[in-house]
Each structure stands twice: as structure tokens, then as C-alpha cells.
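Written out below as C-alpha cells is the structure these notes cover.
The values are calculated or read from the model by the stated rules, or taken from the named source; none is laboratory data. It should be emphasised that the depicted structure is a prediction, and the values quoted were computed from it without experimental measurement. Cβ coordinates were reconstructed from backbone atoms using ideal geometry, including for glycine residues, and neighbour counts include every protein chain displayed. Only protein heavy atoms, including side chains, enter the accessible area calculation; ligands, DNA and RNA are left aside. Shrake-Rupley method; radii C 1.70, N 1.55, O 1.52, S 1.80 Å.
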Amino acid sequence: MGGARALPAEVRFGRFLIPQSQIFYESASQLTVALVNMRPIVPGHVLVVPRRVVARMADLTDAELCDLWRSTREIGAKVEAHYGAEASNVAVQDGLAAGQTVPHVHVHILPRARGDFERSDDVYDALEKFDGRQQPSKLHVPKDEDRTNRTAAQMAAEAEHLRRLWD
């Protein structure tokens, strides 16, 4: 798990090839991995992804589904503690009509703190609008038009830091 053993050299996330430097977790069964997010909505916003590329939750096997949610629970607890969050939002956009932008099942974990959004439910609006260009929260982050993608080095540094949570 995580830093306890070698992580995959790369994984597919939809059509994207994600390098090991951006992967911080792999389940013991190797059915699930976790990735840092290029444009997080909140600090610590990560993605939990089944290794097999499937668009919808209904396409997962029972083993994949159980492993995805066990991994989500484990990762959520560690990420929440690491970022000093009081709680987390755990969300899945299951299909294009639900706002899924990458046709590969993935679970968003968003560590939360009281007052990070004007209204707590605004996080759902942010997630629904999230397409790599939106960030309508009141966190101390630049406006969308002032934001740039994080570099591969920044993402690798965060993934390396998160990997150590399993050491």
C-alpha cells in the first residue's frame, strides 16, 4: 500500500497516462490507485481510481467496487488527518450527465474545514462545475483566470508527501 511497496510505473485515467510520480497509493489487491489532482478544488483534493478503465460504476466488478470504497475510506481518513480537515466530501460523478469529465470511474475526496465555502453545499456546485477550469470557493486561491496548471514537479512532490502517510 502507498509507500510500503513499489507503485505502478504508470496508470491510465481515462485517456490520460498518469506517471508514478503522481500516484501515491495502490491497494493491496492492486485494483485501486489514488492520484493527486492537477487542479484541486480544495487543498488535498485527490482522486481514487480503479486500475481498470471503465466509465460507470455499474461496469465495475464486485471486487473492484468493494476495493474502490475500502480504499476511499482508508485514503480519506489519512488525507483528512494530514490536511487538518474536520470532515471530507466524498463524491462520484457517475456519467457525463452527472458532470463526469473523464470517462473513468473516480472518487473525489475533498478535505473540508468549517467555513471553507460560504455555504457548505457550495462544494457541490464547485464539483459540478469542476472541469479543470473552475474553482468557485472562498479559499485563499487565485481566481480561475489567474490560475495555471500545477507543474509535474509540484504534483510529484505532493504525491511523494502523501505516499509517506503509508510508511
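Please identify, among GLY76, GLY115, GLY99, the residue showing maximal mean-square fluctuation in a Gaussian network model of the chain using a 10 angstrom Cα cutoff.
GLY115
With a 10 Å cut-off between alpha carbons and a GNM built on the chain, which of ALA98, ALA87, ALA126 moves the most?
ALA98
Rounded to the nearest 10 degrees, what's the angle between the helix 152-163 long axis and the longest principal axis of the chain, both from Cα atoms, 0 to 90?
Taking Cα atoms only, the helix is inclined about 70 degrees.
Tell me, what is the per residue accessible area of the chain in Å², probe radius 1.4 Å? Mind showing how you got there, number by number?
Details: 8660 Å² over 167 residues.
So the chain comes to 52 Å² accessible per residue, rounded to a whole number.
Whole-Hz ³J(HN,Hα) for each residue in segment 26-31, computed from phi via Karplus 6.51 cos²θ - 1.76 cosθ + 1.60 with θ = phi - 60°, x for glycine and proline: what do you get?
9, 5, 4, 7, 6, 8
Show MET57, MET38 ordered by accessible area, largest first, where the area counts protein heavy atoms only and the probe is 1.4 Å. Please report the intermediate quantities before stating the final value.
Details: MET57 55, MET38 90 Å².
Per-residue accessible area, sorted high to low, gives MET38, MET57.
What angle, in degrees between 0 and 90 and rounded to the nearest 10, separates the Cα long axis of helix 62-82 from the longest principal axis of the Cα atoms of the chain?
50
Ratio to report: Rg/Rh of segment 1-88, with Cα atoms as the point set and Rh obtained by the Kirkwood method; give two decimals.
Details: Rg = 12.7 Å, Rh = 13.4 Å.
Using Cα coordinates only, the ratio equals 0.94.
Roll a 1.4 Å probe over the protein heavy atoms and report the accessible area of PHE16 in Å², nearest 10.
My reading of the accessible area for PHE16 is about 80 Å².
How many times 2.2 N^0.38 Å is the alpha carbon radius of gyration of the chain? Could the numbers behind the result be given before it?
Numbers: Rg = 15.0 Å, N = 167, 2.2 N^0.38 = 15.4 Å.
Computed over Cα atoms of the chain, the ratio equals 0.97.
What does the charge count near GLU86 come to, summing +1 for each Lys or Arg and -1 for each Asp or Glu among other residues with Cβ under 11 Å from its Cβ?
Values: positive: ARG112, ARG114; negative: GLU80, ASP116.
Summing Lys/Arg as +1 and Asp/Glu as -1 gives 0.
Based on Cβ point charges of +1 for Lys and Arg and -1 for Asp and Glu, what charge dipole magnitude is obtained for segment 1-83 about its Cα centre, in debye rounded to the nearest 20? Display every interim value, and only then the final one.
On the way: 10 positive and 8 negative charges, 38 e Å.
Magnitude of the dipole: close to 180 debye.
To the nearest 10 square angstrom, how much accessible area does TYR83 have with a 1.4 angstrom probe?
For TYR83, solvent-accessible area is about 80 Å².
On full extension of the chain, what length is gained from ALA63 through THR101, given 0.36 nm per residue of separation minus the C-alpha to C-alpha distance? Walk me through the numbers on the way to the answer.
Working: separation 38, 0.36 × 38 = 13.68 nm, distance 2.45 nm.
Extra length available between ALA63 and THR101 comes to 11.2 nm.
Could you look at the chain and say what percent of its accessible area is carbon and sulfur, using a 1.4 Å probe and all protein chains?
Result for the chain: 52 percent of the exposed heavy-atom area is carbon or sulfur.
Within the chain, what is the longest stretch that has no GluC sites (Glu not before Pro) placed in a DSSP loop and near at most 12 other beta-carbon atoms within 10 Å?
In short, 1-85.
Along the charge dipole of the chain, pointing to its positive end and built from +1/-1 on Cβ of Lys, Arg, Asp and Glu, which listed residue (ALA6, SER71, ALA97) has its Cα farthest out?
Final value for the positive-end residue is ALA6.
Which of these, ILE75, ILE18, ILE41, has the largest mean-square fluctuation under a Gaussian network model of the chain (Cα springs below 10 Å)?
Among ILE75, ILE18, ILE41, the largest GNM mean-square fluctuation belongs to ILE18.
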